[in-house]
Amino acid sequence: MIVSDLVVHSIGQLVTCEPGQGEGALGILEHAAVAARQGQIVWIGPSARWESRLHLSDGATVVDAEGCCVLPGFVDAHSHLLWKGSRADEYAARVRGQPFSGGGIMRTVRLTRQASEEDLVRSGRRRLRSYLRHGVTALEVKSGYGLEPDTEERLLRAARRLAEETPQRLVSTFYGAQMVPEGVPADEYLRELVEVMIPRFRPLASFCDAWCDPGAFSADQCRRILNQARGHGYQVKLHASQLAPGDGPRLAVELNATSADHLDYLRDGDSRLLAGSQVVCVVCPGTTTNLRLVGEGSARALAAAGCQLAVATDFNPGTCCSENMCLMIGLACQELGLTPEEAVRGATVGGARALRLQRQHGSVRLGKRCDLLLLEAESYLEIPYRLGVNLVNRVVCQGRLVAEQS
Ligand code: NIG
Ligand code: FE
């Protein structure tokens, strides 16, 4: 008998995201059950057998999935999470035809600089609760709306406090290299990044990110920033080719970055280069559609070349203010041309790889953390089909039922 303190039984379709474990690219098991002990998966098997195989501890949770589809928790590998204020007016202006310039970032920076750590924790907490209702059980938290040492530190401290209190797994990224703040000469800011902020924030962040695009940083500048970060023990990522084709994808491969994100504009050969590397390509369908970059068509090219893909929200106040991963999967299919299977893998196991969490997150497998989503649907195919509807009905995070919609 296997001792467990949680069982989810009568699962109609269990999407494990472990191809070896079941049918097809998503490793699907029908009529299955999953059991956990102290937050870890200890048994996966036919639902008809759970009562004979499991010994439930006192007070164990028994969840009847009533034949629904169950997925691993979503992993959002690209989220800015912490900032102050809204830019809904800027969004409206863009819808009316004004192009994105990146200039709005400074508006958010000015407001965020005025926020206390407590303010940031409070709004972060609300956003994390909403994230949980949307099935996200692990996510990134970037800094980057301070662009000076004290605010960047406050953002990372707020992220650390949130990581201690939330059931979700958070991964912090220092993103002081989002852009050069207004009023500061570029070489001065670069020096501050490299000499002050990167060394100082290592205990607070495991990743360092830099934006390689016109209006942000050149590839040479990003190389300098990220080499320094690696020297201090960070793993590195890049916002690359979001606004124009450039050297970001190549640089990501050269630096063996964990991920290259956005990639809306590719140069010839970029997808082949990325496919031959360990770099995870994080596509952000909400941003791509928001900025009307659809048609550039890079996500399909990346998938066709065999790149490792992740599908993420890019949750931020300027270019995609949505934490809805079901919507991202839908947009990835409808607008970016990914298949439902590619999109679901990208939102789970791909996201986990892009945060180096794949040992514990991203799939339903013995020994991994028990993060499960019970859908208001019988098949994962309903996710893109019901475009934008949050089909996540119940959420198990770390082996505990944490969110119920109704
Ligand atoms: O990921 N790279 C940067 N910038 C963000 C947008 C930030 C903003 O507009 O506030 C992005 O899309
Ligand atoms: Fe981003």
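Only one of these is open to solvent by 10 Å² or more (accessible area, probe 1.4 Å) and in contact with a Leu (Cβ under 8 Å, 6 or more places away or on another chain): 353, 292, 365, 345. Name it.
Exactly one residue qualifies, and that residue is 345.
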Within region 238-246, is even one residue polar (S, T, N, Q) and surrounded by fewer than 24 Cβ atoms within 10 Å (Cβ to Cβ)? no
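I'm checking my understanding of the structure. Among residues of region 299-319 that are without any contact (Cβ under 8 Å) to a residue 60 or more places away in the chain and open to solvent by less than 10 Å² (accessible area, probe 1.4 Å), which one is farthest from ligand 1 (Cβ to nearest atom)?
302
A quick yes/no check of all residues on (1) within 24 Å of residue 187 (Cα to Cα); (2) away from ligand 2 (no atom under 16 Å from the Cβ):
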position: 206; (1), (2): no, yes
position: 212; (1), (2): yes, no
position: 219; (1), (2): yes, yes
position: 229; (1), (2): yes, yes
position: 254; (1), (2): yes, yes
position: 262; (1), (2): no, no
position: 265; (1), (2): no, no
position: 273; (1), (2): no, yes
Among the residues of region 129-146 satisfying the criterion of being buried (at least 24 other Cβ atoms within 10 Å of the Cβ) and of a type in the set (A, V, I, L, M, F, W, C), which is farthest from residue 71 (Cα to Cα)? 141
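Can you find a residue in region 94-106 that is modelled with pLDDT under 95, assigned to a helix (DSSP H, G or I), open to solvent by 10 Å² or more (accessible area, probe 1.4 Å) and not small (Gly, Ala, Ser)?
The initial filter retains those residues of region 94-106 that are modelled with pLDDT under 95, namely 94-104.
Of the ones still in play, those that are also assigned to a helix (DSSP H, G or I) are 94-95.
Retained after the next criterion (residues that are open to solvent by 10 Å² or more (accessible area, probe 1.4 Å)): 94-95.
If we keep only those that are not small (Gly, Ala, Ser) as well, we get 94-95.
Yes, region 94-106 has at least one match.
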Picked from region 70-93 (must be away from ligand 2 (no atom under 16 Å from the Cβ), assigned to a loop (DSSP other than H, G, I, E, B) and open to solvent by 10 Å² or more (accessible area, probe 1.4 Å)), the residue nearest to residue 290 (Cα to Cα) is 86
Within region 295-309, which residues are touching a Ser or Thr at 6+ places or on another chain (Cβ under 7 Å) and either within 13 Å of ligand 2 (Cβ to nearest atom) or part of a loop (DSSP other than H, G, I, E, B) (or both)? 307
Considering only residues that are of a type in the set (Ser, Thr, Tyr) and open to solvent by 30 Å² or more (accessible area, probe 1.4 Å), look in region 33-60 and name the one that is nearest to residue 14 (Cα to Cα). 52
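The rows are residues; the columns are (1) over 18 Å from residue 156 (Cα atoms); (2) within 16 Å of ligand 2 (Cβ to nearest atom); (3) among the hydrophobic types (A, V, I, L, M, F, W, C).
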residue: 190; (1), (2), (3): yes, no, yes
residue: 200; (1), (2), (3): no, no, no
residue: 232; (1), (2), (3): no, no, no
residue: 248; (1), (2), (3): yes, yes, no
residue: 270; (1), (2), (3): yes, no, no
residue: 285; (1), (2), (3): yes, yes, no
residue: 293; (1), (2), (3): yes, yes, yes
Within region 147-187, residues being assigned to a helix (DSSP H, G or I) and either farther than 28 Å from residue 223 by Cβ or open to solvent by 10 Å² or more (accessible area, probe 1.4 Å) (or both) number 14
How many residues are closer than 19 Å to residue 355 by Cα, open to solvent by 50 Å² or more (accessible area, probe 1.4 Å) and either aromatic (Phe, Trp, Tyr) or in contact with a strand residue (DSSP E or B) (Cβ under 8 Å, 6 or more places away or on another chain) (or both) if we restrict to region 203-231? 1
Every pair of residues 6+ apart whose Cβ atoms lie under 7 Å, when the first sits in region 235-251 and is of a type in the set (A, V, I, L, M, F, W, C) while the second is open to solvent by 10 Å² or more (accessible area, probe 1.4 Å) and assigned to a helix (DSSP H, G or I): 236/230; 251/219; 251/223
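The values are calculated or read from the model by the stated rules, or taken from the named source; none is laboratory data. All values reported here derive from a predicted model rather than from experimental measurement. We place every Cβ from the backbone using ideal geometry, glycine too, and count neighbours over all the protein chains shown. Protein only, heavy atoms only, side chains kept; ligands, DNA and RNA dropped before computing areas. Shrake-Rupley method; radii C 1.70, N 1.55, O 1.52, S 1.80 Å.
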